[in-house]
Amino acid sequence: QKKKLLEELGENRLPYMTPADADFHELWKTKYSKLIFRKSDTVPEELHQMVQEGFLTLRKHECFFQDLVRIKGKDFVTPVSRILIGKPGCTYKYLNTRLFTVPWPTEGYDIKYCSPQIHDACKALIRLNDYLHVEAVKALQGQNLFETKEIKDTTVIDREENFATSLTEEGSVSKDQSICVPEHNYASLENRTSYNLTLLNYMDPLQMLYLKQEPYFGMGNMAVSWHHDENLVERSTVAVYSYSCEDSTMQECNEQELEGRDPAVWHVGLKVAWDIETPGLAIPLHQGDFYLMLGNFQGLRRDKVLSLCSMKRGSTHRVADCSRGTLEYIFGQCELALQNLQIESNSMALSLKSLETAVIKQVEEIHNEIEFEWLRQFWFQGKRYLKCTDWWLKPMAKLEEFWRKMEIMTSLILSEVRKKEQMEEQRSETINCLLLVLTERQKLRKEWTAR
């Protein structure tokens with residue numbers, strides 16, 4: 001699609017608007033209405049201070065890391081440094097790389113941080129998370145996005161006369177308004193706004209020497225390319241808090257002449273996916289501003305971060321789809337697989353309860369899942385988390401024990417199929433089933449060794 005779009009454009013560039021354009025507000029209202037923007041002065045000052053001190057702490061302790069991601073079979077180091085903070089035991093996967101949350105303080109969990117300052121930083125992020133959750137619920141209520149029939153391109157900023165007003169307005173719903181929300185829709189609102197993790201980004205364009213140029217609009221350098229976030233609960237909101245170090249030195253900055261854009265200010269770029277008719281938007285981001293992407297915005301639109309002179313940190317709060325990405329899930333899978341392993345009470349000898357093809361297939365697929373989606377993903381880049389906490393070491397040791405037992409189970413299956421008394425038809429069926437899974441395991445082990 002990208003190739004086709006660029007061919008269609010040729011040497012031309014798509015138009016985009018900034019607040020300097022007369023039609024900017026109208027374009028936002030009609031084509032990007034599910035983006036809600038709030039200026040920093042709508043956020044409590046105490047929260048700003050906590051969060052920004054937390055960012056500085058994490059940076060001081062070198063807790064931001066570049067990720068090695070895999071795209072179309074090739075590995076790339078991300079120009080942006082990141083850290084994932086969230087619910088204990090949650091993970092977030094993007095571009096074939098699984099990130100493991102540095103757990104934020106949670107009742108009922110024994111979490112030891114490497115320093116009190118890192119504890120405070122994680123506590124600040126959960127405070128910000130709670131605040132953004134409330135703001136997202138209010139925004140969804142105001143737009144009636146919980147209705148079963150979604151209203152596309154709803155006008156959400158009718159009362160705003162210009163861009164400045166839209167940035168300073170405190171919320172989609174004023175305090176003296178009451179909105180009748182059907183009781184059964186509260187659960188939907190909660191599910192789509194209960195952020196379970198935040199991905200923090202750190203960007204310093206002066207240190208990012210290999211930034212790409214924006215290809216469609218000629219917007220300049222991109223710190224983060226056009227994208228939509230992966231691995232999210234369907235129609236959930238995404239909240240982004242921006243912290244730009246606007247007082248940092250810009251002497252080395254090679255300022256580009258970009259119409260309507262202040263080169264000293266970071267911007268978020270927005271466009272309609274694979275559309276050459278609708279102009280894009282470039283919205284300035286100042287320290288402490290935040291924005292919400294509501295409903296199916298992520299599915300229909302793409303966003304990116306435009307790189308300029310100053311350093312920038314951002315906190316992107318997500319409702320990650322953790323159906324296959326939590327410790328609770330993978331431990332459940334382990335218990336399911338190990339049900340087929342029995343230990344003789346007298347001799348302590350190990351054997352398999354069933355040699356049915358379906359059972360073997362299920363066990364060996366879980367075996368692969370533990371090794372390649374968890375253990376190798378963690379140890380691939382996992383030691384870096386020790387700068388914050390050792391919380392993940394115990395569950396990973398437990399998973400390794402499960403994995404060793406499954407290695408034994410694979411050996412037991414191979415021993416069984418070698419026995420002459422095995423019926424030929426059953427033996428052949430077992431071998432064919434096992435061969436597929438073991439071939440995949442061998443391929444993935446080679447791939448991970450190379451990585």
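So for the stretch 418-431 (the condition being of a type in the set (D, E, K, R), surrounded by 12 or more Cβ atoms within 10 Å (Cβ to Cβ) and outside any helix (DSSP H, G or I)), does at least one residue qualify?
Of the stretch 418-431, the ones of a type in the set (D, E, K, R) are 418-421, 424-425, 427, 429.
Filter again for surrounded by 12 or more Cβ atoms within 10 Å (Cβ to Cβ), leaving 427, 429.
Next, from what is left, pick out any that are outside any helix (DSSP H, G or I): none.
There is no residue in the stretch 418-431 that is of a type in the set (D, E, K, R), surrounded by 12 or more Cβ atoms within 10 Å (Cβ to Cβ) and outside any helix (DSSP H, G or I).
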Review point. What pairs come up if the first residue lies in the stretch 321-345 and is more than 21 Å from Trp392 (Cβ to Cβ), the second is open to solvent by less than 30 Å² (accessible area, probe 1.4 Å) and in a loop (DSSP other than H, G, I, E, B), and their beta carbons are under 6 Å apart, counting only those six or more places apart or on different chains?
Key: Asn340/Ser354
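Quick one: would you say Glu365 is outside the structural domain of Cys114 (by the TED database), part of a helix (DSSP H, G or I) and without any contact (Cβ under 8 Å) to a residue 40 or more places away in the chain? Before the answer, list the steps.
Values: outside the structural domain of Cys114 (by the TED database): yes; part of a helix (DSSP H, G or I): yes; without any contact (Cβ under 8 Å) to a residue 40 or more places away in the chain: no.
Answer is no for this residue.
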Review point. Just wondering, is there one or more residues in the stretch 41-50 that are among the hydroxyl-bearing types (Ser, Thr, Tyr), in contact (Cβ under 8 Å) with a residue 60 or more places away in the chain, open to solvent by 30 Å² or more (accessible area, probe 1.4 Å) and in the same structural domain as Thr237 (by the TED database)?
Key: no
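Would you check which residues across the stretch 342-362 are surrounded by 13 or more Cβ atoms within 10 Å (Cβ to Cβ) and in a helix (DSSP H, G or I) and list them?
Let us first name the residues in the stretch 342-362 that are surrounded by 13 or more Cβ atoms within 10 Å (Cβ to Cβ), namely 342, 350-352, 355-357, 359-362.
The answer is Thr357, Val359, Ile360, Lys361, Gln362.
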Point to revise | Output for the stretch 384-399, where each listed residue is open to solvent by less than 50 Å² (accessible area, probe 1.4 Å) and touching a residue at least 24 places away in the same chain (Cβ under 8 Å) | key: Arg384, Tyr385, Cys388, Thr389, Trp391, Trp392, Pro395, Leu399
Check your understanding: Pairs, please: C-beta under 7 Å, at least 6 apart or cross-chain, first residue closer than 19 Å to Ile118 by Cα and in the stretch 69-91, second of a type in the set (Ser, Thr, Tyr) and in a strand (DSSP E or B)?
Key -> Ser81/Tyr202; Leu84/Tyr92; Ile85/Thr198; Gly86/Thr198; Gly89/Thr326; Cys90/Thr326
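Within the stretch 433-449, can you find the residues that are open to solvent by 90 Å² or more (accessible area, probe 1.4 Å) and either of a type in the set (A, V, I, L, M, F, W, C) or within 16 Å of Glu356 (Cβ to Cβ) (or both)? Talk me through it step by step, then tell me what you get.
At the first step, the residues of the stretch 433-449 found to be open to solvent by 90 Å² or more (accessible area, probe 1.4 Å) are 435-436, 442-443, 446, 449.
Passing the criteria: Leu435, Leu436.
Among residues belonging to the stretch 310-341 that are within 30 Å of Pro79 (Cβ to Cβ) and either open to solvent by 30 Å² or more (accessible area, probe 1.4 Å) or touching a Cys at 6+ places or on another chain (Cβ under 6 Å) (or both), point out the one that is modelled with the lowest pLDDT. Write out each step before concluding.
Quick first cut of the stretch 310-341, residues within 30 Å of Pro79 (Cβ to Cβ) only: 310-322, 324-326.
Still in the list and also either open to solvent by 30 Å² or more (accessible area, probe 1.4 Å) or touching a Cys at 6+ places or on another chain (Cβ under 6 Å) (or both): 310-311, 321-322, 324, 326.
Numbers: Ser310: 56, Met311: 67, Asp321: 92, Cys322: 87, Arg324: 93, Thr326: 96.
That would be Ser310.
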Exercise for review: Select, from Arg98, Arg59, the only residue that is outside any strand (DSSP E or B) and either open to solvent by 50 Å² or more (accessible area, probe 1.4 Å) or in contact with a Ser or Thr (Cβ under 6 Å, 6 or more places away or on another chain) (or both).
Suggested key: Arg59
Revision key, fill the gap. When (1) within 30 Å of His61 (Cβ to Cβ); (2) open to solvent by 50 Å² or more (accessible area, probe 1.4 Å); (3) not in a helix (DSSP H, G or I) are applied to Trp379, the one that fails is (3)
Review point. What number of residues within the stretch 64-87 satisfy the criterion of being open to solvent by less than 40 Å² (accessible area, probe 1.4 Å) and closer than 12 Å to Cys122 by Cα?
Key: 4
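Among the residues of the stretch 408-417, write down those that are open to solvent by less than 60 Å² (accessible area, probe 1.4 Å) and touching a residue at least 24 places away in the same chain (Cβ under 8 Å).
Correct list: Met409, Thr410, Leu412, Ile413, Glu416.
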**Study point:** Residues within the stretch 22-31 that are in contact (Cβ under 8 Å) with a residue 60 or more places away in the chain and over 19 Å from His286 (Cβ atoms), tallied
**Key:** 4
Check your understanding: Pairs under 8 Å by beta carbon, first residue under 22 Å from Thr237 (Cβ atoms) and in contact (Cβ under 8 Å) with a residue 24 or more places away in the chain in the stretch 109-138, partner part of a helix (DSSP H, G or I) and open to solvent by 20 Å² or more (accessible area, probe 1.4 Å), six or more apart or different chains?
Key -> Ala124/Met50; Ala124/Glu53; Arg127/Met50; Leu128/Met50; Val137/Glu190
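The values are calculated or read from the model by the stated rules, or taken from the named source; none is laboratory data. This one's a predicted model, so the numbers in the text were calculated from it and none came from an experiment. A quick note on method: Cβ atoms are made from the backbone with ideal geometry, for glycine too, and the neighbour counts reach across all protein chains shown. Note: areas computed on protein heavy atoms with side chains; ligands, DNA, RNA excluded. Shrake-Rupley method; radii C 1.70, N 1.55, O 1.52, S 1.80 Å.
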